[in-house]
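Trainee: What follows is a single structure, and I will ask about it in a moment.
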Amino acid sequence: MSDSIIELIRIRPPMRYNDALQIQHVHGAELETCTEKRAKLILLQHTPVYTLGRRTESEHLTCTENDLGARTGAEIIKTDRGGSVTYHAPGQLTAYLLLNLQNWQFGIHQHLEKLEETAINVLARFAIKGKRVQGLTGVWTGLTEPEKICAIGVSARRWVTYHGLSLNVDLDLAPFSEIIPCGLHGKKVTSMAKVLERSILISDVEHAMSAAFGEVYASKIELGMV
């Protein structure tokens, strides 16, 4: 049996971004002093929000931040995660994995690779072939023109990782047209529902997601509290 444990925290209903960030910080502070090989996995959906990562540039938006918020009704929030701008909303499953890199004995780049592997694992459970694109963070699908189906962005503070991945399950993709997603010109986004041409329940993907994290991070999954 693995000696590493991932504590699973499910949050319902959709939560505002800053409220979820506060929850991350509470659990992250706990992991700063933890000496065991433990992690916190927070699964949730966000209320509509555009988040601007550290690499966001003005040309990644089709208008000003104020106009973007007024036109879409979504919040606009600058964040410390890696990457550029992306969009979150109900129908997208976000997974924040917090762990102490020193305790887990790997670096931030290996953590990013494991997050990609986790998303690919989840997609495979729904007969969707996910893949990496060289030089780009995230997970893509499609044979001729790869479309992004999972965005990934992380940060680390005092060896503890924050943020994680957002998998497009079954949501309106139109708001992505208001931005250059992840700062990648000419790249399109898609969702599991669009690929499979049918509706998908978030709850089904949550189950697959928690199982995939357990496999990729070779850990036992335990239910935790917010």
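The values are calculated or read from the model by the stated rules, or taken from the named source; none is laboratory data. Not measured: the values here are computed from a predicted model. No Cβ is skipped: glycine too gets one built from the backbone with ideal geometry, and neighbour counts run over all protein chains shown.
Trainee: Among the candidates Thr94, Thr51, Thr56, Thr86, single out the residue that is part of a loop (DSSP other than H, G, I, E, B) and among the β-branched types (Val, Ile, Thr).
Mentor: Thr56
Trainee: If you don't mind, another one. Starting from the range 64-75, take each residue that is among the hydroxyl-bearing types (Ser, Thr, Tyr) and list its partners that are part of a loop (DSSP other than H, G, I, E, B) and surrounded by 17 or more Cβ atoms within 10 Å (Cβ to Cβ), counting only C-beta distances under 9 angstrom and pairs at least six apart or across chains.
Mentor: Every condition considered, the pairs that remain are Thr72/Pro48.
Trainee: Right, something else. Taking the range 146-176 as the search range and keeping residues that are in contact (Cβ under 8 Å) with a residue 60 or more places away in the chain and small (Gly, Ala, Ser), which one is farthest from His27 (Cα to Cα)?
Mentor: Among them, the one singled out is Ala151.
Trainee: Out of all the residues in the range 13-34, which are in contact with a helix residue (DSSP H, G or I) (Cβ under 9 Å, 6 or more places away or on another chain) and either over 26 Å from Gln105 (Cβ atoms) or surrounded by 18 or more Cβ atoms within 10 Å (Cβ to Cβ) (or both)?
Mentor: If the condition is that a residue be in contact with a helix residue (DSSP H, G or I) (Cβ under 9 Å, 6 or more places away or on another chain) and either over 26 Å from Gln105 (Cβ atoms) or surrounded by 18 or more Cβ atoms within 10 Å (Cβ to Cβ) (or both), then Met15, Leu31 are the ones that fit.
Trainee: If you don't mind, there's one more thing I want to ask. So in the range 138-167, with the set limited to residues that are among the hydroxyl-bearing types (Ser, Thr, Tyr) and in a strand (DSSP E or B), which one is farthest from Lys78 (Cα to Cα)?
Mentor: Only one residue tops the list, namely Thr141.
Trainee: Can you tell me which condition Gly130 does not meet? The list is (1) over 23 Å from Ala156 (Cβ atoms); (2) in contact (Cβ under 8 Å) with a residue 24 or more places away in the chain, and all the others hold.
Mentor: Checking Gly130 against (1) over 23 Å from Ala156 (Cβ atoms); (2) in contact (Cβ under 8 Å) with a residue 24 or more places away in the chain, the one that fails is (2).
Trainee: Can you pull out every residue in the range 177-200 that is touching a residue at least 24 places away in the same chain (Cβ under 8 Å) and not in a helix (DSSP H, G or I)?
Mentor: Ile179, Ile180, Leu184, Lys187, Lys188, Val189, Thr190, Ser191, Ser199, Ile200
For every residue, the table says whether it meets (1) aromatic (Phe, Trp, Tyr); (2) surrounded by 21 or more Cβ atoms within 10 Å (Cβ to Cβ); (3) at pLDDT 95 or above.
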residue	(1), (2), (3)
Ser166	no, yes, yes
Asp170	no, no, yes
His185	no, no, no
Glu197	no, no, yes
Ile200	no, no, yes
His207	no, no, yes
Val216	no, no, yes
Leu223	no, no, yes
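Trainee: I'm checking my understanding of the structure. Among residues of the range 129-148 that are out of contact with any Lys or Arg (no Cβ under 9 Å at 6 or more places or on another chain) and crowded, with 17+ Cβ neighbours inside 10 Å, which one is nearest to Ile200 (Cα to Cα)?
Mentor: Applying the filter and picking the extreme gives Gly130.
Trainee: For Met209, which of the numbered conditions (1) out of contact with any helix residue (DSSP H, G or I) (no Cβ under 8 Å at 6 or more places or on another chain); (2) part of a helix (DSSP H, G or I) fails to hold?
Mentor: (1)
Trainee: Let me ask something additional. When only residues in the range 35-80 that are within 22 Å of Asn100 (Cβ to Cβ) and buried (at least 19 other Cβ atoms within 10 Å of the Cβ) count, which is farthest from the chain's Cα centre (by Cα)?
Mentor: This residue is Arg38.
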